[in-house]
1. Criterion first (among the acidic types (Asp, Glu), assigned to a loop (DSSP other than H, G, I, E, B) and free of Cβ contacts under 8 Å to residues at least 24 places away in the same chain) does Glu82 satisfy it?
2. Going through the stretch 85-112 one residue at a time, which ones are exposed (fewer than 13 other Cβ atoms within 10 Å of the Cβ), part of a strand (DSSP E or B) and modelled with pLDDT of 95 or more?
3. Is it the case that Ala171 is modelled with pLDDT under 75 and open to solvent by less than 70 Å² (accessible area, probe 1.4 Å)?
4. What pairs can you find where one residue is in the stretch 32-57 and within 17 Å of Gly118 (Cα to Cα), the other is surrounded by fewer than 17 Cβ atoms within 10 Å (Cβ to Cβ) and modelled with pLDDT under 80, and their Cβ atoms are less than 7 Å apart, with a gap of 6+ or different chains?
5. If the requirement is being open to solvent by less than 50 Å² (accessible area, probe 1.4 Å), under 19 Å from the mean Cα position of the chain (by Cα) and among the acidic types (Asp, Glu), which of these qualifies: Asp80, Asp75?
6. Does the stretch 27-39 include one or more residues that are closer than 25 Å to Ala160 by Cα, in contact with a helix residue (DSSP H, G or I) (Cβ under 6 Å, 6 or more places away or on another chain), at pLDDT 90 or above and surrounded by 13 or more Cβ atoms within 10 Å (Cβ to Cβ)?
Amino acid sequence: MRQAFMVLAVSTFLIMFAASCTQVAPADPVANATSTSQPANPEADKAEVRKFFDDQGAAMMRVDTATLDKMWAEDLVLIDHEGNTLTKKQWMELLTSGTEKIEPGDPSSNTTDVRLYGNTAVAVLKVSQKAILNGKPHNGRMTISAVLLKGDRGWQLVSAQLSELKPLSDANTSARPETSASSPTAAPSNPAAN
């Protein structure tokens, strides 16, 4: 009887253990945000995102606030070239007041890299900018990192960060060590590589 009880207890434990191993874990939305959630036609969506930025640039030059209002999400966050955080309303005010005026630039060297994650697009743009900021020319190269969401209104910009690309002659080069071996500030060589 004692042996039968032990067999029953061990069998019950094994059945319960086996049943717990077959339960499905709850879905992890972050883990599921992979290539399996790609849109049906990713190349078409990438083309739409590139067109979005062309249209946005044209609307900014025209100060077309009705178009920009549709293109920019209500909770848009922009980090400008100086690190200031702006809302949609503040960015619109810069354009409508004339504080910032976007002018036609040379788009021949502009690039836009787009990555898609379901209904989210992450874009990195390198653009030549021609603008007037606070009455002074503000021209040069810029990198923009942007996030767009596709919803009922199409693609909308939800976040962007602007970074100016300064020529080395204008940049603070003291933080960048020379790579020439003849330079007194040359980066140390790696003895393991010799």
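1. On the way: among the acidic types (Asp, Glu): yes; assigned to a loop (DSSP other than H, G, I, E, B): yes; free of Cβ contacts under 8 Å to residues at least 24 places away in the same chain: yes.
Against the criterion (among the acidic types (Asp, Glu), assigned to a loop (DSSP other than H, G, I, E, B) and free of Cβ contacts under 8 Å to residues at least 24 places away in the same chain), Glu82 qualifies.
2. Result: Thr85, single match.
3. On the way: modelled with pLDDT under 75: yes; open to solvent by less than 70 Å² (accessible area, probe 1.4 Å): yes.
Yes.
4. Final answer for the pair search is Asp45/Pro39.
5. Asp80
6. no
The values are calculated or read from the model by the stated rules, or taken from the named source; none is laboratory data. What you are looking at is a predicted structure, and each value in this text was computed from that prediction instead of being measured. When we count neighbours, we look across all protein chains shown, and the Cβ atoms used for this are built from the backbone with ideal geometry, even at glycine. Heavy atoms of the whole protein, side chains included, go into the accessibility calculation; ligands, DNA and RNA do not. Shrake-Rupley method; radii C 1.70, N 1.55, O 1.52, S 1.80 Å.
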